[in-house]
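The values are calculated or read from the model by the stated rules, or taken from the named source; none is laboratory data. It should be emphasised that the depicted structure is a prediction, and the values quoted were computed from it without experimental measurement. With ideal geometry, Cβ positions are generated from the backbone for all residues, glycine too; neighbour counts draw on all protein chains shown. Surface areas here come from the heavy atoms of the whole protein model, side chains and all, with no ligands, DNA or RNA. Shrake-Rupley method; radii C 1.70, N 1.55, O 1.52, S 1.80 Å.
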Amino acid sequence: MAGYSLIRPLGFFYAIILILVLTYLWYSGRWKQRAGILLLLISAALGFLIFSPVAPHQFQELMVRNTASLGVTLMVAAISLFIIFLLTLVSGRFFCGYFCPVGALQELAFLVPAYKIQTKQKHAFMAVHMIVFLIFLVMALVLSSSLLDYFGIRDFFALTLTAGSVVFLVMLLLSAIIYRPFCRLVCPYGALLSLPAGTSFLALQRTKACINCRRCEAVCPVNEAKRDDRKAECYLCGRCTDVCPEPGALLFRRRQNGKQD
Ligand code: SF4
Ligand code: SF4
């Protein structure tokens, strides 16, 4: 739809500008986790209203070169996704954490008070995710076919009842008890972003003030709060900083590569 083509880039501008704002707020220690809920609600609403910035879908359409479905020109989509990739290299996965409507809905679902299944087998999740990513690439580049269509993201945000949207709804219900199953097992753009996130310039770091109480490790849903974890799967959810009892023990700052200061 022509109107959507003009509006969809706004979703990416929203994400890119606010990633910069969040990077500054986290780095300067001014971030208040309460504001995160508001961002999650806005991002989820943008998914329903303008289907943007739904990066997994737009990344897929870029890979299969389906510009008709993309809703933004190939160039705008490619540049936006590349800028988000570069920003992830600077400050980690703020996009996944707060701005992707698919991630936002799963994060909100996990806030629902319900029994939680601990899924700390980070390496097993990452291995499955990389296999799914390879299948996605082969389907897109060799067969011109779209893996994500089976997960119904597009139909779900268009409020259209299809087999795919039911699959996505089930995944969303699952995210009330398992942390972000779609992001951690399926999303091709998330798999791509985990690469720069693992070496980002800024990341959450434990300092000498840390008393090794390990509360951060206990609350981290993705097993990324240990001192030498690479943070490839860290969604900057803030659960670790919230429970840390020592001021200055856990800071968002330049990566120390295992060194303490
Ligand atoms: S992993 Fe994918 S679905 Fe999840 S937040 Fe990131 S881009 Fe969105
Ligand atoms: S608890 Fe901390 S380390 Fe774990 S995902 Fe959230 S912000 Fe990242």
- request: Give me the distance in nm between label points sitting 7 Å out from Cα along the Cα-to-Cβ direction at ALA209 and TYR150, one decimal.
  value: 4.8 nm
Cys with no candidate disulfide partner in the chain (beta-carbon separation under 4.7 Å rule): CYS96, CYS100, CYS183, CYS187, CYS210, CYS213, CYS220, CYS234, CYS237, CYS244
field: Table column - 3J(HN,Hα) (Hz), the stretch 180-187, Karplus curve with 6.51, -1.76, 1.60, x for Gly and Pro
entry: 6, x, 5, 4, 8, 10, 10, 4
query: Taking Cα atoms, how many degrees apart are the long axis of helix 188-197 and the longest axis of the chain, rounded to 10 and kept between 0 and 90?
result: 30 degrees
- request: Express in nm, to one decimal, how much length is gained between ILE177 and ILE37 on full extension, taking 0.36 nm for each residue of separation and deducting their alpha carbon distance.
  value: 48.6 nm
message: Over the stretch 2-197, with the other protein chains present, what is the accessible area per residue in square angstrom, probe 1.4 angstrom?
response: 45 Å²
field: Ordering of 152-161, 242-251 by packing [mean C-beta count within 10 Å, highest first]
entry: 152-161, 242-251
field: Cα long-axis angle, helix 74-91 against the chain (0 to 90 degrees, to the nearest 10)
entry: 10 degrees
Label-point gap, in nm, between LEU49 and THR199 - each point 7 angstrom along Cα→Cβ: 3.8 nm
task: Using only Cα atoms, find the angle between the long axis of helix 163-174 and the longest principal axis of the chain, and express it within 0 to 90 degrees, rounded to the nearest 10.
output: 10 degrees
message: Given a 1.4 angstrom probe, I'd like the percentage of the accessible area of the stretch 105-261 that is carbon and sulfur, rounded to a whole number.
response: 66 percent
task: State the extension gain, in nm to one decimal, for the chain segment bounded by ARG30 and MET75, taking 0.36 nm per residue of separation less the distance between their alpha-carbons.
output: 12.7 nm
query: Counting only residues 5 or more places away or on other chains, whose amide H sits under 5 Å from the amide H of PHE252 once H atoms are built in the peptide plane?
result: GLN205
- request: Figure the gain on full extension for LYS116 and ARG254 (residue separation times 0.36 nm, minus the Cα-Cα span) and round it to one decimal in nm.
  value: 46.4 nm
message: Using only DSSP helix segments of four residues or longer, with each worth -39500 (n - 2.57), what per-residue ellipticity at 222 nm results for the chain after dividing by its residue count and rounding to 500?
response: -16500 deg cm²/dmol
task: Select from GLN106, GLN60, GLN121 the residue whose mean-square fluctuation is largest in a Gaussian network model of the chain (Cα-Cα springs shorter than 10 Å).
output: GLN121
- line: Restricting to Cα pairs under 8 Å and 6 or more apart, the percent relative contact order of the chain works out to 22 percent
message: Among LEU173, LEU148, LEU81, which one shows the highest mean-square fluctuation when the chain is modelled as a Gaussian network with alpha-carbon springs under 10 Å?
response: LEU173
- request: Round to a whole angstrom and tell me the spacing of the C-alpha centers of the stretch 8-63 and the stretch 227-245.
  value: 19 Å
query: Measuring with a 1.4 Å probe in the full set of protein chains, what accessible area per residue, in whole Å², belongs to the stretch 203-254?
result: 47 Å²
task: Among THR119, THR241, THR88, determine the one that fluctuates most according to a GNM of the chain built with springs between C-alpha atoms less than 10 Å apart.
output: THR119
task: Determine the shape class of the chain: with a ≥ b ≥ c the square roots of the Cα gyration tensor eigenvalues, call it rounded for a/c under 1.5, and otherwise prolate if a/b is greater than b/c, oblate otherwise.
output: prolate
query: Karplus couplings for the stretch 99-107 from phi (6.51 cos²θ - 1.76 cosθ + 1.60, θ = phi - 60°), rounded to Hz, Gly and Pro as x?
result: 10, 6, x, 5, x, 4, 5, 5, 5
